[in-house]
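Scroll down for the structure; my scribbles are underneath it.
The values are calculated or read from the model by the stated rules, or taken from the named source; none is laboratory data. The shown structure was predicted, so the numbers you read here are calculated from the model rather than taken from an experiment. Note: ideal-geometry Cβ built from the backbone for every residue, glycine included; neighbour counts use all protein chains shown.
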């Protein structure tokens, strides 16, 4: 594989060592460096183009201190209602790069998948097109990497989980992607590790067995598996996936590449949850579809029992009924700080003859929150929020 910069300079890209598993490696105890930027993917409908834009979250969403955030919170009651009545919205950051697929696939919005390669830093974004072509853009170098083709088409709401293993003086990085298919979830892993050893195999995708999430009323292989609704990395060798439709969960062993049934319960969040070592808890968000409440949840979990929700906080006020939540994304900024992205569809101008997919307006709210310890355990501190309402554009996801 080769590395391209603005079509002028070619540099040989890194290749990957075959992973060697360490029994002492445990991803849940690895600490993530504090993030400053987020990667905003914006979809321009008329042009069929996806643009990557970087936003400095520590500057735009967080006050200098917890005390300053608490003082400001007391003075901004009703700010969201005021914004909906016509206050100016935020302008998008400048474009770093544009992504597009073949013209006949431009309308397949739900099949344009983006994810962050956490092992490469906060600015390494991969894009998988509907025809499974894959590329990576590195914001720190302004380079574009050509990557191996994926095995499956990936929906935009596929769940991606990162695992870093340590052994033999090197870190080995893997990105697990759980999507939705006709027979449950499509599952594969991207192995990626930068190395100067060109004799080793390059980065590669590997298909994995689908999660066996079957409804209890139809047990065994004669029933149709349900697509996963949430997943979490339990440790360096275990992934847990669950399905609300199936009412069940299963554990995946990343070494043996085998699934085993876990129980008739589901994770208390939607999408991916992340372990925060300084709190000893997993954090995630509730489902956006059909749910007007906006909750950040912290739960305790191990492989021997059902997850237990320890805390649940409302991070955003409810909007009027014509604003329907569309999607939510949670970014761990480090040091107890999170960026939560909530996107809405406005159906206020719809008539009985207007199809539901004829969305009039879209709104995305980025909210900065901080979780801190207090005498009762933990509390949430709300910092700043920014709102984006765009013509001919929508925020596809925030990484």
Fill in the blank from the handout: Note on the range 53-90: residues at pLDDT 90 or above and in a loop (DSSP other than H, G, I, E, B) are 61, 62, 63, 64, 65
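Going by the structure shown, is residue 241 surrounded by fewer than 23 Cβ atoms within 10 Å (Cβ to Cβ) and in contact (Cβ under 8 Å) with a residue 12 or more places away in the chain?
Values: surrounded by fewer than 23 Cβ atoms within 10 Å (Cβ to Cβ): no; in contact (Cβ under 8 Å) with a residue 12 or more places away in the chain: yes.
Criteria not met by residue 241.
Of all residues in the range 335-347, how many are under 11 Å from residue 363 (Cβ atoms) and either assigned to a loop (DSSP other than H, G, I, E, B) or under 16 Å from the mean Cα position of the chain (by Cα) (or both)?
Residues of the range 335-347 that are under 11 Å from residue 363 (Cβ atoms), as a first pass: 342-346.
Right, trim to either assigned to a loop (DSSP other than H, G, I, E, B) or under 16 Å from the mean Cα position of the chain (by Cα) (or both) and you get 342-343.
Qualifying residue count, the range 335-347: 2.
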Practice task
Would you please name the residue that is surrounded by the fewest Cβ atoms within 10 Å (Cβ to Cβ), looking only at residues in the range 244-256 that are in a loop (DSSP other than H, G, I, E, B) and in contact (Cβ under 8 Å) with a residue 12 or more places away in the chain?
Solution key: 255
Problem - Hey, residue 157 within 19 Å of residue 203 (Cβ to Cβ), at pLDDT below 95, surrounded by fewer than 22 Cβ atoms within 10 Å (Cβ to Cβ) and in contact with a helix residue (DSSP H, G or I) (Cβ under 8 Å, 6 or more places away or on another chain) or not - result: no
Problem - Failed item in (1) over 29 Å from residue 224 (Cα atoms); (2) crowded, with 20+ Cβ neighbours inside 10 Å; (3) at pLDDT 90 or above, with residue 165 passing the rest - result: (3)
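For residue 119, are the conditions met, namely being surrounded by 16 or more Cβ atoms within 10 Å (Cβ to Cβ), within 23 Å of residue 254 (Cβ to Cβ) and either over 15 Å from the mean Cα position of the chain (by Cα) or modelled with pLDDT under 85 (or both)? Walk me through how you get there before you give the answer.
Details: surrounded by 16 or more Cβ atoms within 10 Å (Cβ to Cβ): yes; within 23 Å of residue 254 (Cβ to Cβ): yes; either over 15 Å from the mean Cα position of the chain (by Cα) or modelled with pLDDT under 85 (or both): yes.
The answer is yes for residue 119.
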Handout entry: The listed residue being at negative phi and not in a strand (DSSP E or B), out of 262, 241, 231, 225
Key = 225
Exercise for the section: Examine the range 10-19 for a residue that is in contact with a strand residue (DSSP E or B) (Cβ under 6 Å, 6 or more places away or on another chain) and modelled with pLDDT of 70 or more, and state whether such a residue exists. Expected result: no
Exercise for the section: Looking at (1) in contact (Cβ under 8 Å) with a residue 60 or more places away in the chain; (2) under 26 Å from residue 164 (Cβ atoms); (3) assigned to a loop (DSSP other than H, G, I, E, B), find the lone condition where residue 267 falls short. Expected result: (1)
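Can you spot a residue in the range 311-320 that is over 27 Å from residue 35 (Cα atoms) and touching a residue at least 60 places away in the same chain (Cβ under 8 Å)? Step through it out loud before you land on a result.
We begin by selecting, within the range 311-320, every residue over 27 Å from residue 35 (Cα atoms); these are 318-320.
Next cut, touching a residue at least 60 places away in the same chain (Cβ under 8 Å) only: 319-320.
Yes, there is a match, as at least one residue in the range 311-320 is over 27 Å from residue 35 (Cα atoms) and touching a residue at least 60 places away in the same chain (Cβ under 8 Å).
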Practice task
Taking only the range 122-152 into account, find how many residues are in contact (Cβ under 8 Å) with a residue 40 or more places away in the chain and under 16 Å from the mean Cα position of the chain (by Cα).
Solution key: 5
Practice task
Would you mention how many residues in the range 290-334 are surrounded by 15 or more Cβ atoms within 10 Å (Cβ to Cβ) and in a loop (DSSP other than H, G, I, E, B)?
Solution key: 5
Practice task
Assess whether residue 93 counts as being out of contact with any helix residue (DSSP H, G or I) (no Cβ under 8 Å at 6 or more places or on another chain), at pLDDT 90 or above, farther than 30 Å from residue 235 by Cα and in a loop (DSSP other than H, G, I, E, B).
Solution key: yes
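Can you say whether residue 50 is modelled with pLDDT of 85 or more, more than 21 Å from residue 370 (Cβ to Cβ) and surrounded by 17 or more Cβ atoms within 10 Å (Cβ to Cβ), as far as the supplied structure shows?
Values: modelled with pLDDT of 85 or more: yes; more than 21 Å from residue 370 (Cβ to Cβ): yes; surrounded by 17 or more Cβ atoms within 10 Å (Cβ to Cβ): yes.
When the stated conditions are applied, residue 50 passes them.
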